[in-house]
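Undergrad: Shown below is the structure under consideration.
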Amino acid sequence: MSNTDNQTYDSSNIRVLQGLEAVRKRPAMYIGSTDLEGLHHIFTEILDNAVDEAIAGYCDHIWITIHKDGALEVRDNGRGIPVDLHPQTKVSTLETVMTNLHAGGKFEKGAYKVSGGLHGVGMKCTNALSEWMESTVYKNGNIYRQRYERGVPVTKLQELGKTDLNGTQHIFKPDAQIFSDINFSFKRILEKCRQHAYLTGGLRISLTDERVEEGQQPKTYELYFEDGIKSYVKFMNLSEKAVSDVFYMKKEEENIVVEVAVQYTDSLEETVKCYTNNIINPEGGTHLAGFRTALTSAINIYATAEDMLKGMKNTTLGGDDVREGLTAVISVKVPDPQFEGQTKIKLNNPEVKSVVQKVLRDELTTYFQENPKDAKSIIGKAVLAFKARAAAKAAREAVIRKGALEGSGLPGKLADCSSKNPAESELYIVEGDSAGGSAKQGRNRANQAILPLRGKIINSHKYRVDRILGNQEFKDIVTALGVGIGDSMNVENLRYHKVVIMADADVDGSHISTLVLTLLYRFFRPLIEQGYVYLAQPPLFKVEVGKNRYYFLSEKEKDAFVNQAEKAGKKTVTNRFKGLGEMNPEQLWETTMNPETRVLKRVEIHDAEDAEKTFEMLMGVEVPPRRRFIQRYSKQANLDV
Ligand code: 1YM
């Protein structure tokens, strides 16, 4: 140990050693982790003390420097950490807070501590986890300094001479024995500083990075927002069109400081950021709840008084309406913040809700009265949002009523059959408009209906139900089948007892068949289970022998036939069909639709679980199994090249 002073160690020093030893043994318990997150945490612990001093009104400038050797310096122009002898520890207050693990409660209980943060362990953790640390205090006209190594004082508190300055400065070099990486991230530090600068209006933060190439100027940043969160809201709205000025308020009640800035833009989004003691709460909490209630209530009070809710059938504006285009920052300072969960994501103190609600409601009401122009554009926008929402809801309900779900009004694309007897009726679901056209001409109108599908139908395994319900092809199928959907499905209303999927015999065609099958499987499984669903088997080849035409489903069958014919000395002409659309109506009838000559394959579910797995693999969101399947079977598929 490089202790050059004649300081002797008594029992209290041994306790200190043991305390800091605990931090070094289990750092993660104190700072969360020893990766980059943990590394920046020991910086945050120091910065937060300086910011607390600014919030308390004693300091207006913080300097942060990343030195060339990787040490980090944080300085403020506050009161300076006290250096007088501490009655209990018998050493200076500075040394006590730097080394005594349990000093926190007694010394660091200010009004609204930022460092009531995640771990709230204070500067002694930074000290314990640094290879070395030097703390300098400018106070009472003097400069004081003490140096520590891995948390242990290696000098006594030295007086270095006179000064006009006041403030605290720490320089520390993180311990490579503790951290996996001791390289501070400028970007991370900058973001932290930016947030503090926004949340503490009037605080100036100067940031310097000296880790630059030889001969280069250090990187520097000045962060200063005179108007604090008001500037923050303006910044968030830079790329938007504002429809009001920024409303701003700051009030203290029941020991809780409430600061709110609000501005509306013409966007549809809501952007609200919530902070407690400068810590962001991504999931809001009681301050957000109070804010929302106050906003809705103040807007409705003003709107009613000004008779702006005409045509709204005695309803008032709802939360959804007043939040469209809202940008806000809510920052509260609470003496004893309680959070839900470990990570401060949600504020829990119930008293914060009522305080925020009350002060904000009053302030907003006054603001609206004094700024009628802003009030009118904000409320006008909310009324518009209300009407748009009501119109959208009505439209949605209308679609559902007359569309897919009730089965009234058949799709325009459907060429229905004349029979109303389901037992003898067939529905052909046909890929593509041209094949659909041939099928419409070639069919037997009496009992065969044709529903052409345009392009590829939605993959019902990949999307959520709401998205699928909006798909036109899907709606057409639902309407044509007539059985309804979901809880209200009734198979007895099925309009056709043969539902035939007719697609090309190539890879694309089987993809379409699978898409339709997936949909039927997912939404109309009873139809498959009860044997109503079929696959048409269009031929791939036509062989003409004289005036006779023969059709074949596979190359093998065709080859066998042609071989026979040649052996018999007959001349054959072979055609390969590129797709259903290539066949004329008569050919389609003859080969694929005529009950006398066609081949239909009934779709069966022998084992529902197997089928589900196959569908999951072929149609689900997971790509690798599908790729494996396609790779394995692609050679067997009839590739149409
Ligand atoms: C670069 C980091 O730590 N500034 C800082 C810390 C303190 C004070 C002023 C301070 C606080 C109080 C009274 C008080 C702290 N002092 C203590 C303790 N900057 C930085 N600036 N006088 C000065 O809270 O009453 C803890 S933090 F406990 F020693 F008083």
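The values are calculated or read from the model by the stated rules, or taken from the named source; none is laboratory data. What you see is a predicted model, and the numbers here were worked out from it, not measured in a lab. Ideal geometry is used to build each Cβ from the backbone, glycine not excepted, and the neighbour counts take in all protein chains shown.
Undergrad: S231 - would you say it is under 28 Å from L36 (Cα atoms) and either within 13 Å of the ligand (Cβ to nearest atom) or not basic (K, R) (or both)? Give the derivation first.
TA: Working: under 28 Å from L36 (Cα atoms): no; either within 13 Å of the ligand (Cβ to nearest atom) or not basic (K, R) (or both): yes.
It is false that S231 is under 28 Å from L36 (Cα atoms) and either within 13 Å of the ligand (Cβ to nearest atom) or not basic (K, R) (or both).
Undergrad: Output the residues belonging to the range 20-47 that are more than 16 Å from the ligand (Cβ to nearest atom), touching a residue at least 24 places away in the same chain (Cβ under 8 Å) and either outside any helix (DSSP H, G or I) or of a type outside the set (D, E, K, R) (or both).
TA: Listed by number, the residues that qualify are L20, A22, V23, P27, Y30, I31, G32, T34, D35, L36, G38, L39.
Undergrad: Quick one: in the range 42-71, of everything that is touching a Phe, Trp or Tyr at 6+ places or on another chain (Cβ under 9 Å) and more than 18 Å from A197 (Cβ to Cβ), which residue is surrounded by the most Cβ atoms within 10 Å (Cβ to Cβ)?
TA: That would be I42.
Undergrad: Mind checking which residues of the range 478-524 are among the hydrophobic types (A, V, I, L, M, F, W, C) and at pLDDT 90 or above? If you could, list the steps in order and put the result at the bottom.
TA: Kept after step one, since they are among the hydrophobic types (A, V, I, L, M, F, W, C), are these residues of the range 478-524: 478, 480-481, 483, 485, 489, 491, 494, 499-503, 505, 507, 512, 515-517, 519-520, 523-524.
Hits for the range 478-524 are A480, L481, V491, L494, V499, V500, I501, M502.
Undergrad: Among the residues in the range 439-449, are any in contact with a strand residue (DSSP E or B) (Cβ under 9 Å, 6 or more places away or on another chain) and either at pLDDT below 80 or part of a strand (DSSP E or B) (or both)?
TA: yes
Undergrad: If the requirement is being under 21 Å from the mean Cα position of the chain (by Cα), farther than 17 Å from V246 by Cβ and β-branched (V, I, T), which of these qualifies: I301, I345?
TA: I345
Undergrad: Now, a different point. Collect the residues in the range 587-626 that are at pLDDT 90 or above, assigned to a helix (DSSP H, G or I) and not aliphatic (A, V, I, L, M), keeping them in residue-number order.
TA: W589, T592
Undergrad: In this structure, does T296 turn out to be surrounded by 18 or more Cβ atoms within 10 Å (Cβ to Cβ) and touching a residue at least 40 places away in the same chain (Cβ under 8 Å)? Lay out the reasoning, then the answer.
TA: Working: surrounded by 18 or more Cβ atoms within 10 Å (Cβ to Cβ): yes; touching a residue at least 40 places away in the same chain (Cβ under 8 Å): no.
No: the conditions fail for T296.
Undergrad: Also, quick follow-up: Output the residue which, of all residues in the range 121-139 that are within 11 Å of the ligand (Cβ to nearest atom) and either assigned to a loop (DSSP other than H, G, I, E, B) or of a type in the set (F, W, Y) (or both), is modelled with the highest pLDDT. Give the steps one after another, and end with the answer.
TA: So in the range 121-139, the residues within 11 Å of the ligand (Cβ to nearest atom) come out as 122-124, 126, 135-139.
Subsequent filtering for residues that are either assigned to a loop (DSSP other than H, G, I, E, B) or of a type in the set (F, W, Y) (or both) retains 122, 138.
Values: G122: 82, Y138: 98.
Residue satisfying both the conditions and the ranking: Y138.
Undergrad: When you go through A111, A71 one by one, which is the residue that is modelled with pLDDT of 95 or more and within 37 Å of the chain's Cα centre (by Cα)?
TA: None of the other options fit; the residue is A71.
Undergrad: Sort out which residues of the range 485-512 are among the polar types (S, T, N, Q) and either in contact with a Leu (Cβ under 6 Å, 6 or more places away or on another chain) or assigned to a loop (DSSP other than H, G, I, E, B) (or both), and write them in order of number. Full working, then the answer.
TA: Taking the range 485-512 first, the residues among the polar types (S, T, N, Q) are 488, 490, 493, 510.
N490, the sole residue that qualifies.
Undergrad: Can you give me the number of residues within the range 48-78 that are within 8 Å of the ligand (Cβ to nearest atom) and touching a helix residue (DSSP H, G or I) at 6+ places or on another chain (Cβ under 7 Å)? Steps first, please.
TA: The initial filter retains those residues of the range 48-78 that are within 8 Å of the ligand (Cβ to nearest atom), namely 49-50, 52-53, 56, 58-59, 62, 74-76, 78.
Checking which are touching a helix residue (DSSP H, G or I) at 6+ places or on another chain (Cβ under 7 Å) leaves us with 49, 59, 62, 74, 76, 78.
Qualifying residue count for the region: 6.
Residue-wise test of (1) modelled with pLDDT under 95; (2) more than 16 Å from the ligand (Cβ to nearest atom).
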site: K173; (1), (2): no, no
site: I178; (1), (2): no, yes
site: I189; (1), (2): no, no
site: E240; (1), (2): yes, yes
site: N255; (1), (2): yes, yes
site: L268; (1), (2): yes, yes
site: I279; (1), (2): yes, yes
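Undergrad: Regarding the range 356-374, can at least one residue be identified that is in contact with a strand residue (DSSP E or B) (Cβ under 6 Å, 6 or more places away or on another chain) and among the hydroxyl-bearing types (S, T, Y)?
TA: Within the range 356-374 (the criterion being in contact with a strand residue (DSSP E or B) (Cβ under 6 Å, 6 or more places away or on another chain) and among the hydroxyl-bearing types (S, T, Y)), the answer is yes, since at least one residue qualifies.
Undergrad: Name every residue in the range 182-207 that is surrounded by fewer than 16 Cβ atoms within 10 Å (Cβ to Cβ) and over 22 Å from I280 (Cα atoms), in order of residue number.
TA: The answer is N183, and nothing else.
Undergrad: Name the residue, out of L101, L118, that is among the aliphatic types (A, V, I, L, M), over 21 Å from H196 (Cα atoms) and at pLDDT below 90.
TA: Details: L118 fails: over 21 Å from H196 (Cα atoms).
Within the list L101, L118, the selection yields L101.
Undergrad: Follow-up question, since we're still on this one. List the pairs whose first member sits in the range 299-315 and is on the phi < 0 side of the Ramachandran plot, whose second member is part of a loop (DSSP other than H, G, I, E, B) and of a type in the set (S, T, Y), and whose Cβ atoms are under 7 Å apart, counting only residues at least 6 apart or on separate chains?
TA: N300/T316; L309/T316
Undergrad: Here's a follow-up. Quick one: which strands (runs of 3 or more DSSP E) lie wholly within the range 243-358 and hold at least 3 residues that are among the hydrophobic types (A, V, I, L, M, F, W, C) and in contact with a Phe, Trp or Tyr (Cβ under 9 Å, 6 or more places away or on another chain)? Walk me through it before giving the result.
TA: Working: elements: 247-253, 256-264, 271-276, 326-333.
Qualifying strands (runs of 3 or more DSSP E): 256-264, 326-333.
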